[in-house]
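The values are calculated or read from the model by the stated rules, or taken from the named source; none is laboratory data. Keep in mind it's a predicted model, so treat the numbers as computed, not measured. Note that each Cβ is placed from the backbone with ideal geometry, even for glycine, and that neighbours are counted across all protein chains shown. The protein model used for the area step is the full one, side chains on, heavy atoms only, and it has no ligands, DNA or RNA in it. Shrake-Rupley method; radii C 1.70, N 1.55, O 1.52, S 1.80 Å.
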Amino acid sequence: SAVISQKPSRDICQRGTSLTIQCQVDSQVTMMFWYRQQPGQSLTLIATANQGSEATYESGFVIDKFPISRPNLTFSTLTVSNMSPEDSSIYLCSVEKAGGGSYGYTFGSGTRLTVV
Amino acid sequence: DAKTTQPNSMESNEEEPVHLPCNHSTISGTDYIHWYRQLPSQGPEYVIHGLTSNVNNRMASLAIAEDRKSSTLILHRATLRDAAVYYCILRDGGWGAQKLVFGQGTRLTINP
């Protein structure tokens, strides 16, 4: 399976500021997925990042708030913009090694964000 | 997105087998059944997946009903380290990476 390095592992940020989270994969993958996990909740998909095109956002998430970059097949960033305390969550990236459903997905260890 | 239904929580004893059920009555013919678990303070971890036949790996077994409308994740001998939230997810079988949609999962507690 792929190995994901996600940075930072945690951060405490002031409201109104932005934080960029990095996700590095040890192999080339077509799509990368970004999730949010609010305290005590399950994972919610924010967007799918495809190299060479704009990210596809899920309902309730917009590019102005969560801009995503995907400069190559092994790297992606998610920015949480103009943060408020409601953005305090764990943010995770995920990849699938190959398509077709015949492989599992790998998740990063997450970025624990606290907005004060 | 096809949905799954799991019990909110289950409890078992150490060194005993655990059967975690999942209902997916609206599953389509090409959907794979994936199971992941999330240990405290970690990202989800792949456990097992299958399409039609039962599957075994070093972590668990997956028993799939003949009509594929339900499945059961089997931990043969639970340890304290198996305490986690277990997610049953349907993954579209289309080629190219497909998004995973998480439900609430089953929180498994293991008693010593």
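Looking at chain A from every direction and averaging, what is the projected area of its Cα convex hull in nm²?
Numbers: hull surface 27.5 nm².
Quarter of the Cα hull surface area: 6.9 nm².
What fraction of the Cα pairs in chain B, stated in percent, has a spacing above 23 angstrom? Mind dumping the intermediate values first?
Numbers: 1398 of 6216 pairs.
Tail of P(r) above 23 Å: 22 percent of Cα pairs.
Sorted from largest down, give the three principal axis spans of the alpha carbons of the protein assembly as shown, whole angstrom values.
Principal-axis extents of the protein assembly as shown (Cα, largest first): 49, 40, 30 Å.
Tell me, which longest segment in chain B has none of the trypsin sites (Lys or Arg not before Pro) that fall in DSSP loops with at most 15 further Cβ atoms within 10 Å? Show your work: numbers first, answer last.
Working: sites that count: B:Lys3, B:Arg58, B:Lys69, B:Arg77.
Answer - B:4-57.
Please give the charge dipole size of the protein assembly as shown, origin at the Cα centre, charges +1 on K and R Cβ atoms and -1 on D and E Cβ atoms. Round to the nearest 20 debye.
300 debye
How many nm separate the modelled label positions at A:Ser27 and B:Leu39, each set 7 Å beyond the Cα in the direction of the Cβ?
So the two model labels end up 2.2 nm from each other.
Give the carbon-plus-sulfur fraction of the accessible surface of the protein assembly as shown in %, rounded to a whole number; probe 1.4 Å, heavy atoms of protein chains only.
Values: 5200 of 11140 Å².
So the carbon and sulfur contribution to the accessible surface is 47 percent.
For A:Lys65, give me every one of the aspartates and glutamates with a C-alpha distance below 16 angstrom, ignoring sequence neighbours fewer than eight places off in its own chain.
Hits, sequence-local ones excluded: A:Glu54, A:Glu86, A:Asp87.
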